[in-house]
Ligand code: COA
């Protein structure tokens, strides 16, 4: 099997009602290519019917997700942007019936940060790095970054992260409200699973309805961002920068 045919995710039922989804493409620093998007979509569908807390993590210590696959992005056009490949995935992730938790150790850049923000909760190690470097690549954080970041960290920090590429480590992300808890690397998965177990002791029906209730009060959608991205995807500036 060539590297490219390999599965991108390792999915494990680690406890009753708790499934881990591990990004497992270290050669590309877990960049979100089409194959990863399709596998994650399939995992969401597979775990929709039976109540299950999903824990998203990386199988590689010190590397969460290095963002959208830049090699694929370079060739995407307005039509691809309007198809909302990553934005659509993160919408489906955010709308997943049951709670999702991101366990982050290492780089969560661009789409990696957006992916983490689309989860319900985020735990991170002190050495993690959160950033939205899209503007330097001639595109924008169109897969939820623009509004989810603002929702979590407020307008001032969102502006600094988006305009300047400001990077936050785990403790800074905690202070900013981007993550819920900071834990040592060897404690990350155990602590996340403990939290998942704690959440799963609730009534599943009540959990599902609470998640739906909270989703009703979201502050924005990605509609504008997707249209704006379509414009940027066809620019020479983007092609040069990528
Ligand atoms: N898309 C596609 N490929 C990526 C990638 C991405 N977002 N991030 C890393 N890779 C690939 C590199 O091209 C390289 O591939 P190669 O071995 O075929 O040349 C491989 O992963 C290793 O990357 P490298 O930069 O050597 O690893 P590193 O450990 O020194 O650095 C990062 C890791 C994440 C800091 C660095 O890869 C990086 O900055 N990536 C881009 C992040 C980014 O801008 N994301 C936003 C996209 S919108």
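The values are calculated or read from the model by the stated rules, or taken from the named source; none is laboratory data. All values reported here derive from a predicted model rather than from experimental measurement. Cβ sites come from the backbone with ideal geometry, for glycine too, and all protein chains shown count toward neighbours.
Could you grab me the full set of residues in segment 86-99 that are more than 12 Å from the chain's Cα centre (by Cα) and crowded, with 19+ Cβ neighbours inside 10 Å? Passing the criteria: 96, 98, 99.
Scanning segment 162-171 for residues that are touching a strand residue (DSSP E or B) at 6+ places or on another chain (Cβ under 8 Å) and in a helix (DSSP H, G or I), which turns out surrounded by the most Cβ atoms within 10 Å (Cβ to Cβ)?
Looking only at segment 162-171, we keep the residues that are touching a strand residue (DSSP E or B) at 6+ places or on another chain (Cβ under 8 Å), and these are 165-171.
With in a helix (DSSP H, G or I) added as a condition, the list becomes 170-171.
Working: 170: 24, 171: 14.
It comes out as 170.
Among the residues of segment 65-80, not a single one is in contact (Cβ under 8 Å) with a residue 12 or more places away in the chain, within 16 Å of the ligand (Cβ to nearest atom), part of a loop (DSSP other than H, G, I, E, B) and out of contact with any helix residue (DSSP H, G or I) (no Cβ under 8 Å at 6 or more places or on another chain). For segment 187-198, the condition of being at pLDDT 95 or above, more than 24 Å from residue 127 (Cβ to Cβ) and part of a helix (DSSP H, G or I) holds for at least one residue.
Among the residues of segment 216-227, what is the count of those that are surrounded by fewer than 11 Cβ atoms within 10 Å (Cβ to Cβ) and either out of contact with any helix residue (DSSP H, G or I) (no Cβ under 6 Å at 6 or more places or on another chain) or part of a helix (DSSP H, G or I) (or both)? Lay out the reasoning, then the answer.
First, the residues of segment 216-227 that are surrounded by fewer than 11 Cβ atoms within 10 Å (Cβ to Cβ): 216-217, 219, 223.
From what is left, the residues that are either out of contact with any helix residue (DSSP H, G or I) (no Cβ under 6 Å at 6 or more places or on another chain) or part of a helix (DSSP H, G or I) (or both) are 216-217, 223.
Going through segment 216-227 one residue at a time, the tally reaches 3.
Can you spot a residue in segment 123-137 that is more than 13 Å from the ligand (Cβ to nearest atom), more than 29 Å from residue 234 (Cβ to Cβ) and surrounded by 24 or more Cβ atoms within 10 Å (Cβ to Cβ)? The answer is yes, given that some residue of segment 123-137 is more than 13 Å from the ligand (Cβ to nearest atom), more than 29 Å from residue 234 (Cβ to Cβ) and surrounded by 24 or more Cβ atoms within 10 Å (Cβ to Cβ).
Please return the ranges of strands (runs of 3 or more DSSP E) entirely within segment 1-62 where 1 or more residues are touching a residue at least 60 places away in the same chain (Cβ under 8 Å) and surrounded by 20 or more Cβ atoms within 10 Å (Cβ to Cβ).
Values: elements: 9-15, 18-23, 53-58.
So the answer is 18-23, 53-58.
Among all positions in segment 93-100, there is no residue which is more than 16 Å from the ligand (Cβ to nearest atom) and under 30 Å from residue 236 (Cα atoms). Selection of segment 1-56 for residues being within 16 Å of the ligand (Cβ to nearest atom) and either touching a strand residue (DSSP E or B) at 6+ places or on another chain (Cβ under 6 Å) or within 22 Å of residue 204 (Cα to Cα) (or both) yields 23, 24, 29, 30, 32.
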